[in-house]
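Notes to accompany the following structure.
Every number here is computed from the coordinates shown, using simple stated rules; none is lab data. Nothing here was measured: the structure is a model prediction, and the numbers come from that model. Virtual Cβ from ideal backbone geometry, glycine too; neighbours counted across all protein chains shown.
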Amino acid sequence: STTEVAVVGAGPAGLMLAHLLQRAGIDSVAIDIRSRREIEETHRAGILEQDSVRMLVDTGVGDRVLREGSRHAGIDLAFGGGGHRVDFEALTGATVQLYPQTDVFIDLADARERDGGDVRFGVSDVSVDDITGDRPLVRFTDADGARHEISARILVGSDGSRGICRHAFPEEGRRQYFREYPFAWFGILCEAPPSSEELIYNHSERGFALISQRTETLQRMYFQCDPAENVDDWSEDRIWAELQQRVGPNGYTLKEGPITSKVVLPFRSFVQEPLRHGNLVLAGDAAHTVPPTGAKGLNLALADVRVLAEQLERHLRHGAEDALDQYAERALQRVWKAQHFSYWMTTMLHRLPGASDFDLRRQVGELSCVTGSDAGSTYLAECYTGWPTRERD
Ligand code: DHB
């Protein structure tokens, strides 16, 4: 079969792109090797920038994010014996929305179903071919075992950090920028009331902890751990003791409850450039990964596809030859800002193995510079709530 845009990877980036393309009258087919259920059950971050919320609302998929999400006008940075609020709204006029990524995915998948979009979950043996030709191809086996070949004008790789599309770029024509961190996050979901109204980013001598929320009865928390940590070595008692010891010195006490999920999340920074080879373009985690501190991953993916949908329309409807390169250039500006912000938040708040007392005191000094100055906290607030996206060229 044929389509205009074949989208490899039907997570939030791929589905949002398909949704935006349909609104512009452009046909697409999206495929994913995971089942819909598998994607729905993978817990991810929960913070949406103001413009991410606006994109959902403006394109008709914003009912639930407004109704069930909660507006956060700031965060607490906890360090050196106390909490320090960064008031995003007062500093920048912007707020963020707590709404889990899995729910964004559900809303987008429902919208594709409602609008008759072509999305195939649970496919296998995916390959992308002829990417420098006029009719690039995606081949795959569907969930019922039938083999398919889709011929498109443009292929989009939104298949995440373990996807195949980034590897379809010839090695001599691509650069991969990579950074690893010597720690990870231990993430939990627990059945308890919220321990605070806003997120707490907590620096401590025992390492970082993040107190987040989900609902009135379900909470999300993380603490810095060794990347090789095994979740089975952590009983509920041990987890709560560790979390309490991290936030206690800063004056917080967590409300405890049964832990329903435990996971170790790796930390890395990655960018592949360019974002385009022939008629294949990358978007979202397929092109770049950020460490989770600051919750930029999903927001960056949505910002990518917003620009990509505009440029695909210019390319497919108006024959603009430079459109795909413009996508790459505009998306990468934001990508590197988000890379810096995620790296900065990570290194300011985490304890490096072998950190000295000097290192910890210096971090407290850095955090004090941020919270003690309007310039410092406005800088953080601007990054956290998201940079403006330039309007259509
Ligand atoms: C959440 C995750 C993050 O990485 C973050 O910076 C903020 C919140 C979350 O899962 O709620």
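Structure notes:
- For the range 1-55, filtering for residues that are crowded, with 23+ Cβ neighbours inside 10 Å, within 18 Å of the chain's Cα centre (by Cα) and among the polar types (S, T, N, Q) leaves 1.
- Against the list (1) surrounded by fewer than 16 Cβ atoms within 10 Å (Cβ to Cβ); (2) assigned to a helix (DSSP H, G or I); (3) in contact with a strand residue (DSSP E or B) (Cβ under 6 Å, 6 or more places away or on another chain), the condition ALA241 fails is (3).
- Candidates ARG330, ARG276, ARG362, filtered to the one that is more than 16 Å from the ligand (Cβ to nearest atom) and touching a residue at least 60 places away in the same chain (Cβ under 8 Å): ARG330
- Within the range 259-291, the set of residues being under 24 Å from ARG220 (Cβ atoms) and in contact with a Leu (Cβ under 6 Å, 6 or more places away or on another chain) comprises THR260, SER261.
- Residues that are touching an Asp or Glu at 6+ places or on another chain (Cβ under 6 Å), touching a residue at least 60 places away in the same chain (Cβ under 8 Å), crowded, with 16+ Cβ neighbours inside 10 Å and under 29 Å from SER342 (Cα atoms) do not occur anywhere in the range 174-182.
- Residue match in the range 212-225 (condition: of a type in the set (S, T, N, Q), buried (at least 18 other Cβ atoms within 10 Å of the Cβ), away from the ligand (no atom under 15 Å from the Cβ) and more than 20 Å from the chain's Cα centre (by Cα)): no
- Residue tally, condition assigned to a loop (DSSP other than H, G, I, E, B), more than 22 Å from the chain's Cα centre (by Cα) and more than 16 Å from ASP359 (Cα to Cα), over the range 185-208: 6
- Here VAL86, VAL96, VAL65 are screened, and the one residue that is buried (at least 17 other Cβ atoms within 10 Å of the Cβ), closer than 19 Å to PRO388 by Cβ and in contact with a strand residue (DSSP E or B) (Cβ under 8 Å, 6 or more places away or on another chain) is VAL96.
- Conditions (1) within 16 Å of the ligand (Cβ to nearest atom); (2) at positive phi: number failed by GLY160: (1)
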